[in-house]
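All remarks here apply to the structure that follows.
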Amino acid sequence: MAEFWYNVQTHEIEEGAQSDWRQLIGPYPTRAGAERALEKVAERNQAWDDEDEQ
């Protein structure tokens, strides 16, 4: 089964980890999941910020 990664340097989706791990977010089971990587990161960061405020 393929894994998909979001490359934060090129802003492209990679099928299989092709770049250095420091440039990648993932793995995701689908291309669509990897396409939403930055959105998911922002959501998690907001949730952590909300927890810190409590």
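Summary table
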| quantity | calculated |
| --- | --- |
| From A2, A34, A47, residue being at pLDDT below 95, of a type in the set (A, V, I, L, M, F, W, C) and in contact with a Gly (Cβ under 7 Å, 6 or more places away or on another chain) | A2 |
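Per-residue answers, yes or no, for (1) among the acidic types (D, E); (2) free of Cβ contacts under 8 Å to residues at least 24 places away in the same chain; (3) surrounded by 10 or more Cβ atoms within 10 Å (Cβ to Cβ):
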{"position": "E3", "(1), (2), (3)": "yes, no, yes"}
{"position": "N7", "(1), (2), (3)": "no, yes, yes"}
{"position": "A17", "(1), (2), (3)": "no, yes, yes"}
{"position": "P27", "(1), (2), (3)": "no, no, yes"}
{"position": "A34", "(1), (2), (3)": "no, no, yes"}
{"position": "D50", "(1), (2), (3)": "yes, yes, no"}
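The values are calculated or read from the model by the stated rules, or taken from the named source; none is laboratory data. As the structure is a computational prediction, the values presented were derived from the model and not from experiment. As a convention, Cβ positions derive from the backbone with ideal geometry for all residues, glycine included, and neighbour counts pool all protein chains shown.
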